[in-house]
Amino acid sequence: MLEKLGLKRVTLDLPFRLDHVNCFLAEGDEGWTVIDTGLHNEETVKRWQDELNGKNVTDIIITHYHPDHFGYAGGLQKKQQARVSMSEIDYKAALNAWSEQFLDELSHNYKLADIPDEEAGAMLANTKAFVPRVSPYPNVDEFLWDGDTITIGTYNYEVIATPGHSDGLVTFYNRENNMLLSTDHILPKITPNISYWFHGEPNPLARYLESLDKIKQLDADLVIPSHGNPFNGANNRIAEIKSHHDDRLEQTLASIDRGSTVYEVSQQLFKKRLTVHEMRFAVGETLAHLEYLRYKGECQRELNDGKYQYYV
């Protein structure tokens, strides 16, 4: 099916438990388009060198600013002299996410979440370690906006803004084939990480659930994700993801009956042993669920001794 759509999947290795990211290539009238680029590391550089040998790359599309999608965009742009397109929201987020000021703020936010000093230090170091994996930053030539139509290969795609996993994440809908390039918005086996760290959209889980409803209106048949294999039936998967978050919200609420910090709740929700990288995701997702409940009026938050306490 990918071949029929003029798409080639380029699966790049990642050094995490989620061990791969799907990037894509499509040939158009003027040259080739790359969708997402992977981390900027030696393995990725070599892989793209092999994949793009003899190809004229005119465009690089970045679906969102997370390192496994955005990381090599600047390096590849420099090599190919290609145009880069992504959402303005996530381009600004990328410029901020690994800045010195932002990293300083993270330390403060870790204290607000009650993360122990040793773990907080390891999490901060883990974030800083991504700087060489995302630089140099690209120059973005065109911002993608909700409702835009762009050509990828020989087909037109509607740009659909689907905030949640990141504030500026975009997906691409091929109406002619009822196919969705779902990026990290809808994945076949795992639920996308929805995190909050006291910056950006204050209620990302609410935005994510709204974005799922937005995509549900399309009733897309074929879904091509950035992690995992293509699958059929977007709406069935959307129902499963929403059910997962309903269960998670119930568990979160049950964890704060007598008042708990963000870190304490995360320990209740994530029982298995986590790497430092996974801990960042776990605590951020816990906070996103707590804030969702707070905005719904189902729990409250107080600042006590420099730490947020959530209680019913």
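Restricting Glu250, Glu264 to those that are without any contact (Cβ under 8 Å) to a residue 60 or more places away in the chain and surrounded by fewer than 20 Cβ atoms within 10 Å (Cβ to Cβ) reduces the list to Glu250.
Going by the conditions given, is Lys214 surrounded by fewer than 21 Cβ atoms within 10 Å (Cβ to Cβ) and without any contact (Cβ under 8 Å) to a residue 24 or more places away in the chain? Judged against the criteria, Lys214 is not a match. Within segment 28-50, the set of residues being surrounded by fewer than 16 Cβ atoms within 10 Å (Cβ to Cβ) and either more than 16 Å from Lys78 (Cα to Cα) or among the polar types (S, T, N, Q) (or both) comprises Gly28, Asp29, Glu30, Gly31, Glu43, Gln49, Asp50.
The set of residues in segment 165-197 being open to solvent by less than 10 Å² (accessible area, probe 1.4 Å), of a type in the set (A, V, I, L, M, F, W, C) and not in a strand (DSSP E or B) consists of Leu169, Ile186, Leu187, Ile194. Scan segment 88-95 and give yes if some residue there is crowded, with 22+ Cβ neighbours inside 10 Å, not in a helix (DSSP H, G or I) and not charged (D, E, K, R), otherwise no. No, that holds for no residue.
Residue check: Tyr110 meets all listed conditions (1) under 30 Å from Gln309 (Cα atoms); (2) part of a helix (DSSP H, G or I); (3) open to solvent by 20 Å² or more (accessible area, probe 1.4 Å) but one, namely (3).
Only one of Thr149, Thr162 is loosely packed, with under 14 Cβ neighbours inside 10 Å and of a type outside the set (Asp, Glu); which? Walk me through how you get there before you give the answer.
Numbers: Thr162 fails: loosely packed, with under 14 Cβ neighbours inside 10 Å.
Thr149 is the lone residue from the list that is loosely packed, with under 14 Cβ neighbours inside 10 Å and of a type outside the set (Asp, Glu).
Within segment 46-54, not a single residue is touching a residue at least 40 places away in the same chain (Cβ under 8 Å), in contact with a helix residue (DSSP H, G or I) (Cβ under 8 Å, 6 or more places away or on another chain) and not charged (D, E, K, R).
Among the conditions (1) part of a helix (DSSP H, G or I); (2) among the hydrophobic types (A, V, I, L, M, F, W, C); (3) over 26 Å from Leu14 (Cα atoms), Leu205 misses just one, which is (3).
Please list, ordered by first then second residue, the pairs with beta carbon atoms under 9 Å, 6 or more apart or interchain, first in segment 80-96 and within 13 Å of His199 (Cβ to Cβ), second assigned to a helix (DSSP H, G or I) and open to solvent by 10 Å² or more (accessible area, probe 1.4 Å). These pairs meet every condition: Asn96/Phe102. Among the residues making up segment 114-136, those that are surrounded by fewer than 17 Cβ atoms within 10 Å (Cβ to Cβ) and part of a loop (DSSP other than H, G, I, E, B) are Pro116, Ala129, Ser135, Pro136.
The values are calculated or read from the model by the stated rules, or taken from the named source; none is laboratory data. Computed from a predicted structure; not experimentally measured. Positions of Cβ are backbone-derived with ideal geometry, glycine not excepted, and every protein chain shown enters the neighbour counts. Side chains are part of the model used for accessible areas, which takes the heavy atoms of the whole protein and leaves out ligands, DNA and RNA. Shrake-Rupley method; radii C 1.70, N 1.55, O 1.52, S 1.80 Å.
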